[in-house]
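Taking it in order: structure first as structure tokens, then the write-up.
The values are calculated or read from the model by the stated rules, or taken from the named source; none is laboratory data. Because the structure is a prediction, the values reported are computed rather than measured. With ideal geometry, Cβ positions are generated from the backbone for all residues, glycine too; neighbour counts draw on all protein chains shown.
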Amino acid sequence: MTIISLKLEDITNFFPFFEKLMRENFAFYHPKVIDYFLTKIYTQQNLYYQLKNGYRTILVAYQEKESLGFAMIDEPYGGVSFLRWLAVAKNQQGKGVGKALVFEWEKLAKNQGCHKMEVAAYPLVASFYEKCGFEKEGFRKISYFGINQVVMGKVIGRFKPEKINHHYLKQ
């Protein structure tokens, strides 16, 4: 398995896989919410813009040109790296793809100078993140788009004030 950071020129090929996994793996969201995500927030054009401007990183796991899963990570803020989405193809679940993506995310977060990783997980998958070293830090009842969320965190280093808001300071 190979994990790469998605490049701008690969978004067109990636997007159908992204859309398929969003529809298959996040059934706890109402179908209208998934449609909203895919037609308003996470469109191909928006992903292109977000990658181009450094607002998101998308890690993609491949094996022999077959996409296995992805992790969408927000730009660090205040020393914290936030995982927006993690999805693995149904036929690849339980084979270590998700863990490999999380550990690649951890390398990325450390390279970006982050001291912490966070995710707001659906309660049924919180145990997966615990196996990756995350701790439950809170619970959001009927949160964004009507779902419950477990706030999970993993401290990966010390806070480095010189690393905060690196993107905004360059402007």
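Assorted remarks:
- If you go through the range 25-55 and keep only what is loosely packed, with under 15 Cβ neighbours inside 10 Å and touching a strand residue (DSSP E or B) at 6+ places or on another chain (Cβ under 8 Å), you end up with just 55.
- The residues of the range 119-139 that are in a helix (DSSP H, G or I), farther than 15 Å from residue 93 by Cβ and touching a residue at least 24 places away in the same chain (Cβ under 8 Å), listed by number, are 123, 126.
- Residues (part of a loop (DSSP other than H, G, I, E, B) and either surrounded by fewer than 19 Cβ atoms within 10 Å (Cβ to Cβ) or at pLDDT below 95 (or both)) located in the range 88-106: 93, 94, 95, 96
- Checking each residue in the range 24-64 for being among the small types (Gly, Ala, Ser) and under 16 Å from the mean Cα position of the chain (by Cα) picks out 54, 61.
- Filtered residues of the range 83-118 (kept if farther than 16 Å from residue 22 by Cβ and hydrophobic (A, V, I, L, M, F, W, C)): 97, 100, 102, 103, 105, 108, 109, 114, 117
- Pairing each residue of the range 78-96 that is at positive phi and touching a residue at least 12 places away in the same chain (Cβ under 8 Å) with any residue that is of a type in the set (Asp, Glu) and part of a strand (DSSP E or B), provided the two are 6+ apart or on different chains, yields no C-beta distance under 6 Å.
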